[in-house]
1. From the list 53, 28, pick out the single residue that is in contact with a strand residue (DSSP E or B) (Cβ under 9 Å, 6 or more places away or on another chain) and at pLDDT 95 or above.
2. Tally time: how many residues in the stretch 56-68 are out of contact with any helix residue (DSSP H, G or I) (no Cβ under 7 Å at 6 or more places or on another chain) and touching a residue at least 12 places away in the same chain (Cβ under 8 Å)?
3. Quick one: which of 125, 104, 99 is in contact (Cβ under 8 Å) with a residue 40 or more places away in the chain and more than 17 Å from the chain's Cα centre (by Cα)?
4. Those residues that are part of a strand (DSSP E or B) and without any contact (Cβ under 8 Å) to a residue 12 or more places away in the chain, I need them from the stretch 1-48; list them, please.
5. Can we say residue 140 is under 19 Å from residue 82 (Cβ atoms), exposed (fewer than 13 other Cβ atoms within 10 Å of the Cβ) and out of contact with any helix residue (DSSP H, G or I) (no Cβ under 9 Å at 6 or more places or on another chain)?
């Protein structure tokens with residue numbers, strides 16, 4: 001039988017993750033991960049592996065700033081719950097602007113996650129994606145970027 005309450009709680013958790021990234025809200029992000037979180041991002045242009053909450057927070061604090069920001073949309077979740085553990089697969093569509101490198105990335109990926117309940121709350125135990133598509137173009141002088149992250 002499907003645990004629809006747990007599935008909805010995990011959907012809300014992942015929504016807060018995407019919002020935390022896009023608003024550069026480190027306080028929020030810190031509450032979403034288990035202490036022993038493992039993160040791995042695989043792309044044609046980079047591979048990154050992070051172990052533990054401290055490494056994760058160091059990464060997010062330098063990767064999403066008022067000079068590096070974007071829009072991350074997770075779609076079509078496939079979530080399986082087994083007691084206090086769960087797995088999820090999400091389709092990602094994202095846009096990332098890097099003002100330091102003057103680039104725009106538009107891409108898609110598949111996230112694969114593992115979740116665990118900690119003190120009655122779902123947390124991300126493992127997350128990461130494998131890129132399906134990555135288009136990187138230079139920001140031209142005709143670009144007028146009028147919005148920046150909240151924080």
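The values are calculated or read from the model by the stated rules, or taken from the named source; none is laboratory data. The structure presented is a predicted model; accordingly, all values stated were derived computationally and were not measured. So basically every Cβ, Gly included, is an ideal-geometry build from the backbone, and we count neighbours across all protein chains shown.
1. 53
2. Adding up the residues that qualify gives 6.
3. 99
4. Residues satisfying the conditions are 47, 48.
5. Taking the combined requirement at face value, the residue does not satisfy it.
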